[in-house]
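A.B. asks: My structure is below; once you've seen it, I'll send some questions.
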Amino acid sequence: SQQGEEDPQALSIQEGENATMNCSYKTSINNLQWYRQNSGRGLVHLILIRSNEREKHSGRLRVTLDTSKKSSSLLITASRAADTASYFCATVPSKGATNKLIFGTGTLLAVQP
Amino acid sequence: DAGITQSPRHKVTETGTPVTLRCHQTENHRYMYWYRQDPGHGLRLIHYSYGVKDTDKGEVSDGYSVSRSKTEDFLLTLESATSSQTSVYFCAIRTGTNEKLFFGSGTQLSVL
């Protein structure tokens with residue numbers, strides 16, 4: 001089964017608004033990563049947060065991690081039309097198959113100009 | 001793009017025929033991965049490799065085999081393609097322990 005599940009499946013907002021996507025996972029992790037995919041393209045890494053970190057920033061991106069709830073959120077501030085894409089969380093397990101990166105089902109973000 | 005090339009970019013084949021997809025990297029990274037992407041399922045891991053001749057199964061490995069005879073190439077083979085294997089296939093490399101993946105541009109495979 002999928003390690004990560006994103007919520008919501010789809011999100012539509014206006015330019016300038018903030019977008020928040022959530023990810024839940026099932027087992028203990030070494031780190032959690034967020035990726036972006038533009039239509040018809042490969043995934044691009046956005047940010048990585050380790051299990052001992054609670055929050056991380058990169059430009060307009062803010063990621064939080066709550067290991068007690070096995071959940072993470074990705075916040076994109078002041079969104080732009082160019083942010084329209086699918087966003088995926090992915091986890092690296094801390095035990096067992098630590099070489100595998102398991103992806104969730106993704107959130108499709110549409111930013112209306 | 002970390003020097004990853006997938007070939008072919010598009011392939012149409014018939015049920016029952018063998019198909020091989022190729023992933024080539026130019027940077028000698030140890031870990032290489034094959035994923036498939038389908039609507040509603042996100043990316044699912046098929047197989048991965050942690051070195052030459054060292055491979056392991058992912059979540060959806062049935063019907064697929066892989067080979068890695070040299071560091072730079074990771075081949076995915078569908079021995080007898082089925083319509084359920086119609087998908088977009090992505091290769092990825094990992095640049096270090098527990099670190100991020102770099103993805104290729106994908107192969108759109110249609111099995112008729």
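A.B. asks: With +1 on the Cβ of every Lys and Arg and -1 on the Cβ of every Asp and Glu, and nothing else charged, how large is the dipole of the protein assembly as shown about its Cα centre, in debye rounded to the nearest 20?
C.D. replies: 420
A.B. asks: Related question: How many Å² of accessible area per residue for chain A, probe 1.4 Å?
C.D. replies: 46
A.B. asks: Then there's this: With charges only on Cβ, +1 for K and R and -1 for D and E, what is the dipole size of chain B about its Cα centre, in debye, rounded to 20? Don't jump to the answer; show the numbers that get you there.
C.D. replies: Numbers: 12 positive and 12 negative charges, 25 e Å.
The dipole magnitude comes to about 120 debye.
A.B. asks: Could you give the distance between the Cα centres of the range B:1-75 and the range A:58-113, to the whole Å?
C.D. replies: Each part's Cα centre sits 24 Å from the other's.
A.B. asks: I've got another one for you. Mind checking A:92-100 for the average number of partner chain beta-carbons within 10 Å of each residue's beta-carbon?
C.D. replies: 4
A.B. asks: Now for a separate question. Compute the relative contact order of chain A as a whole-number percentage, counting only Cα pairs closer than 8 Å that sit 6 or more residues apart in sequence.
C.D. replies: Normalised by residue count, the contact order of chain A is 39 percent.
A.B. asks: More than 26 angstrom separation, counting every C-alpha pair in the protein assembly as shown; what % is that?
C.D. replies: 36
A.B. asks: Please list, short to long, the whole-number percent of alpha-carbon pairs of chain A in consecutive 10 angstrom bins beginning at zero.
C.D. replies: 15, 49, 29, 6, 0
A.B. asks: Sequence gap at least 6, Cα distance under 8 Å: using those rules, report the relative contact order of chain B to the nearest whole percent.
C.D. replies: The value is 35 percent.
A.B. asks: Mean projection of the alpha-carbon convex hull of the range B:4-111 over all orientations, in nm²?
C.D. replies: Answer in nm², one decimal: 6.1.
A.B. asks: State the answer as a single residue: which of A:VAL92, A:GLY16, A:TRP34 lies farthest towards the positive end of the charge dipole of the protein assembly as shown, with beta carbon charges of +1 for Lys and Arg and -1 for Asp and Glu, about the Cα centre.
C.D. replies: Of the options given, the answer is A:VAL92.
The values are calculated or read from the model by the stated rules, or taken from the named source; none is laboratory data. Because the structure is predicted, anything quoted here is derived from the model rather than measured. Positions of Cβ are generated from backbone atoms using ideal geometry, with glycine treated the same way; all protein chains shown enter the neighbour counts. Just the protein is used for accessible areas: all its heavy atoms, side chains included, with ligands, DNA and RNA removed. Shrake-Rupley method; radii C 1.70, N 1.55, O 1.52, S 1.80 Å.
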